Amino acid sequence: MTTYCLCEPCRTAYSIRTDSARLAALLRLQYGEYFYPGRAEGFPISVTETGGRFEIRTPQGVRTAQFPLQAIDDILFENTRFDGDIFALHGAAVEWNGTACLFLAATTGGKTTLASYLTSQGFGYITDDCILLERESFRVRPCCTPIHLREGGLEVLRRRRAVPERLRLLDDGAVKRYVYTPRRRAGCALPLGAIYFIQRTEGENSLLPMTATERITELMKAPVTDYPVNAEYLKFLSRLAKEKCGRLLYSEMDFAAEVMQNG
């Protein structure tokens with residue numbers, strides 16, 4: 001059994017022990033530099049492989065899986081807690097001109113494809129899935145896990161001749177993604193530039209203003225984890241909603257890039 005650390009920024013750390021070199025290789029593809037050999041004081045996960053099936057042990061019990069990545073993702077979702085000074089949003093972020101451009105949408109809403117395209121156009125990479133926003137300063141901390149493209153997103157990039165270099169296939173039988181890490185990555189926390197609620201369209205390219213109520217409503221849909229909806233939380237969202245926000249409708253990713261470049 002080899003012990004690995006899974007230590008993504010600003011959240012629960014995990015200590016993963018496994019006898020499966022194949023699983024270790026998949027986790028390295030999934031989490032990049034945040035997964036590495038070594039001992040960590042973290043939530044313990046033990047995974048053994050027997051006859052193509054995986055037994056996964058945690059302090060909460062044992063589960064078995066044929067395809068382990070989804071099972072491990074479920075464990076992480078159930079047990080990850082973010083640092084108290086961080087507000088974690090489900091979205092992507094890129095850097096332009098020393099500030100962070102955030103774009104939020106539901107799963108399969110195009111965040112990863114847009115982030116990949118923008119980094120091919122000179123934007124710096126911050127994250128494609130989990131935005132780490134400092135509650136007091138509104139600075140955005142980088143979490144540069146590899147970008148994970150679905151086949152549909154990769155096809156969009158092919159049509160725009162923006163296929164990333166050094167793509168690797170992550171495929172455990174249930175999860176299939178094309179994985180790479182952009183060369184240009186943010187190395188420190190960046191001030192918030194703007195928040196965009198993105199929506200792909202068939203032909204419309206528009207940046208629409210939003211009322212304070214619309215901004216707060218959309219922000220309440222965005223957290224990665226559950227936060228108690230109390231007076232302090234609503235006050236925080238009201239303060240965040242005063243930052244630059246807009247509803248970005250786009251059929252052309254060049255339009256989205258231009259909006260973010262112009263601030």
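The values are calculated or read from the model by the stated rules, or taken from the named source; none is laboratory data. In this text the structure is predicted, and so the values were computed from the model without any measurement. Ideal geometry is used to build each Cβ from the backbone, glycine not excepted, and the neighbour counts take in all protein chains shown. Side chains included, ligands, DNA and RNA excluded: accessible areas come from the protein's heavy atoms. Shrake-Rupley method; radii C 1.70, N 1.55, O 1.52, S 1.80 Å.
Is it true that ARG17 is basic (Lys, Arg), open to solvent by 60 Å² or more (accessible area, probe 1.4 Å) and assigned to a helix (DSSP H, G or I)? Judged against the criteria, ARG17 is not a match.
In region 212-229, the residues that are aliphatic (A, V, I, L, M) reach residues that are assigned to a helix (DSSP H, G or I) with C-beta atoms within less than 6 angstrom, at least six apart or across chains, in these pairs: ILE216/LEU237; LEU219/LEU237.
Exactly one residue among ALA162, ALA92, ALA106 is under 25 Å from PHE35 (Cα atoms) and among the aliphatic types (A, V, I, L, M), and that residue is ALA92. Residues in region 58-102 that are assigned to a loop (DSSP other than H, G, I, E, B) and among the hydroxyl-bearing types (Ser, Thr, Tyr): THR80 alone. Here GLU202, GLU232 are screened, and the one residue that is touching a residue at least 24 places away in the same chain (Cβ under 8 Å) and open to solvent by 80 Å² or more (accessible area, probe 1.4 Å) is GLU202.
For GLN121, the criteria (1) open to solvent by 10 Å² or more (accessible area, probe 1.4 Å); (2) more than 20 Å from SER251 (Cβ to Cβ); (3) out of contact with any Cys (no Cβ under 9 Å at 6 or more places or on another chain) hold in every case but one, which is (2). Within region 124-171, the residues that satisfy the criterion of being in a strand (DSSP E or B), over 15 Å from LEU89 (Cα atoms), open to solvent by less than 10 Å² (accessible area, probe 1.4 Å) and free of Cβ contacts under 8 Å to residues at least 60 places away in the same chain are ILE147, LEU149. Scanning region 19-46 for residues that are more than 28 Å from PRO182 (Cα to Cα) and touching a helix residue (DSSP H, G or I) at 6+ places or on another chain (Cβ under 6 Å) yields one hit, PHE43.
Within region 107-119, which residues are touching a residue at least 60 places away in the same chain (Cβ under 8 Å) and out of contact with any helix residue (DSSP H, G or I) (no Cβ under 7 Å at 6 or more places or on another chain)? Of everything in region 107-119, those that are touching a residue at least 60 places away in the same chain (Cβ under 8 Å) and out of contact with any helix residue (DSSP H, G or I) (no Cβ under 7 Å at 6 or more places or on another chain) turn out to be GLY109, GLY110, LYS111, THR119. When we screen ASP83, ASP73 for residues that are modelled with pLDDT of 95 or more and over 30 Å from ALA257 (Cα atoms), the only hit is ASP83.
Residues that are assigned to a strand (DSSP E or B) and in contact with a Lys or Arg (Cβ under 9 Å, 6 or more places away or on another chain) within region 181-206 comprise LEU190, PRO191, LEU192, GLY193, ALA194, ILE195, TYR196, PHE197, ILE198, GLN199, SER206, listed in sequence order.
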